[in-house]
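The values are calculated or read from the model by the stated rules, or taken from the named source; none is laboratory data. The structure presented is a predicted model; accordingly, all values stated were derived computationally and were not measured. Quick reminder, even Gly has a Cβ in these numbers, built from the backbone with ideal geometry, and neighbours come from all protein chains shown. Remember, those area values only see protein heavy atoms, side chains included, never the ligands or the DNA or RNA. Shrake-Rupley method; radii C 1.70, N 1.55, O 1.52, S 1.80 Å.
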Amino acid sequence: MPEAVAAVGLAWATLLLLAGGVVLLRSRDTLHRVLALDVLVSIVVALLTILSYLRDVSYYVDGALALGLLSFVSTLVAVRHVLRGRPS
Amino acid sequence: MGTALDVLGACLLGLGLLLATVGLYGVLRMPDIFDQLHAAGLVTGPAVLVILLAALTTRSADIVTSAALLFVFVLITAPLSGHAIARAAWLRPGPDEDGPREAETPGAASLLGEGMRTLVAYDGSDSAKRALELAAQVFGPAGSIAIAHVVQPLGEPDFAGSPEVEDPEQEELLAEARAAVARTGTPAVTLRRRGDPAAELIAAGAELDADLIVVGSRGRGAVASALLGSVSAALAGGAHSPVLVVGPSATFGHGPIVAGIDGSEFSLDAARIALALDRRLERGFRLVHAYTVRPIPGVSVVPDARAELAQVDEQKAEELLAGVARELGIPEEETQTVRDGSEPSALVVLARDLDAALIVVGSRGLGAVRAAVLGSFSTSVLAEASCPVVVVPPIVPGSALG
């Protein structure tokens, strides 16, 4: 993949990350925040993937995998908290 | 060839970023969480997947391998987390005025009078009918009974619907249940709920300050209930009061109440609850410690060693039982150890021999999935017992029975 293409993709993904930040700031309650963080993590995963294309090394993708795993688990836990965690 | 790959890679990357942009725009502009989820799904799923596909054009084996792994991972987790969020949004009790939860019954706690407060979960199934019947016969005379029915909302949310909408099926089921209890001469109140059955039952139990929650069980094994979702398992893990689970073939025997202990803190709680139940029901009491003799590979070549080790284990078990009995003030003739087999089945067999009325066991409060993975003592007792089983969750202090 030509370096220029990856560089442009990287810049684009960074802009998306900023837009994701706006989504997070505009979220009204816990579930919206969970959703926003889910989306943000996806963008970071995409960003890391493109970074690994640009630098031609694979370990950024491994980092993205770890991040995705964390995000998945925390989404499930946060959702569980919304459903069951109310004080009784 | 090289140029074609480069162009393909650039196209895939562009397409992925375009999808992500469209999805993000949707999340920003859509009005409510369900619409936003749709748009977000585009970012978390297809956009990331297409960008990962572009790895094929990097000509680096390392990157392709890692990306393939991540591809599979995203393919699995993206829909799962999207579904989890949607489900929570649909079921949550909450500030949203059109939330699925039924309006609170005013003063529900005052509906139940003096004595033992029993909450029975009813869904019209055979096991629920058995549970209701048993609760009315056994616990009805000792106090009062509340019957709860939970409608689990499915399908399209009715945006125009108001929380007061009556479900004819729910009314019918509750009327049938109330009539069944009335035949035994016990007055019963009914509760209508909407939402996740286990969560709603736990909440209802807490609101009523119930002394006991009674549910029927379909008698699924640990693995099946973890996969399919078991209300009784979820209750046993999270309720604020003991949970009586009536299995598909469970009968209320004429014998004593059997409490299983293993020396842990939660099994002590269970024994205390069993004592309290015994004071109400006056069935007799049996404190049981089921233990196993540790199998030690290689020892079998020495003829007497095995027997000697077994003796040590037996002595330990006796000591543990005596200690607990002393702490709880239980006379020695009401205690017993059983040996061998896996522990749950030894306890279950003993209960069958004694024609036990109830088995009482503690629960560590593991969820259904963790219980299936780690092996749950209470779950296996539930699956095998021939009498109803009381599972005592990690009790919050101040339980009425405790």
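For this structure, a couple of remarks:
- Screening the stretch B:264-301 for residues that are β-branched (Val, Ile, Thr) and out of contact with any helix residue (DSSP H, G or I) (no Cβ under 9 Å at 6 or more places or on another chain) and picking the one that is modelled with the highest pLDDT gives B:Ile273.
- Pairs with Cβ under 8 Å, 6+ apart, first in the stretch B:374-394 and at pLDDT 70 or above, second open to solvent by 10 Å² or more (accessible area, probe 1.4 Å) and of a type in the set (Val, Ile, Thr): B:Ser386/B:Thr251; B:Cys387/B:Thr251
- One residue stands out in the stretch A:24-45 among those that are buried (at least 21 other Cβ atoms within 10 Å of the Cβ) and over 18 Å from B:Phe73 (Cβ atoms): the one that is farthest from the other protein chains (Cβ to nearest Cβ), namely A:Ala36.
- The stretch B:197-211 - residue that is more than 16 Å from B:Val151 (Cα to Cα) and crowded, with 22+ Cβ neighbours inside 10 Å and, of those, nearest to the chain's Cα centre (by Cα): B:Gly205
- Residue match in the stretch B:31-52 (condition: open to solvent by 30 Å² or more (accessible area, probe 1.4 Å), within 8 Å of another protein chain (Cβ to nearest Cβ), at pLDDT below 90 and in a helix (DSSP H, G or I)): no
- The number of residues in the stretch A:46-88 that are aliphatic (A, V, I, L, M), open to solvent by less than 60 Å² (accessible area, probe 1.4 Å), assigned to a helix (DSSP H, G or I) and facing another protein chain (nearest Cβ under 8 Å) comes to 8.
- Candidates B:Arg130, B:Arg59, B:Arg101, B:Arg117 - the one that is within 30 Å of B:Thr3 (Cβ to Cβ) and either buried (at least 23 other Cβ atoms within 10 Å of the Cβ) or modelled with pLDDT under 85 (or both): B:Arg59
- Of everything in the stretch B:262-279 that is in contact (Cβ under 8 Å) with a residue 24 or more places away in the chain and open to solvent by 10 Å² or more (accessible area, probe 1.4 Å), the residue that is nearest to B:Leu347 (Cα to Cα) is B:Asp262.
- Boolean, A:Leu25 is in a helix (DSSP H, G or I) and without any contact (Cβ under 8 Å) to a residue 12 or more places away in the chain: yes
- Scanning the stretch B:6-24 for residues that are more than 8 Å from chain A (Cβ to nearest Cβ) and either surrounded by fewer than 17 Cβ atoms within 10 Å (Cβ to Cβ) or not in a helix (DSSP H, G or I) (or both) yields B:Val7, B:Leu8, B:Cys11, B:Leu15, B:Leu18, B:Val22.
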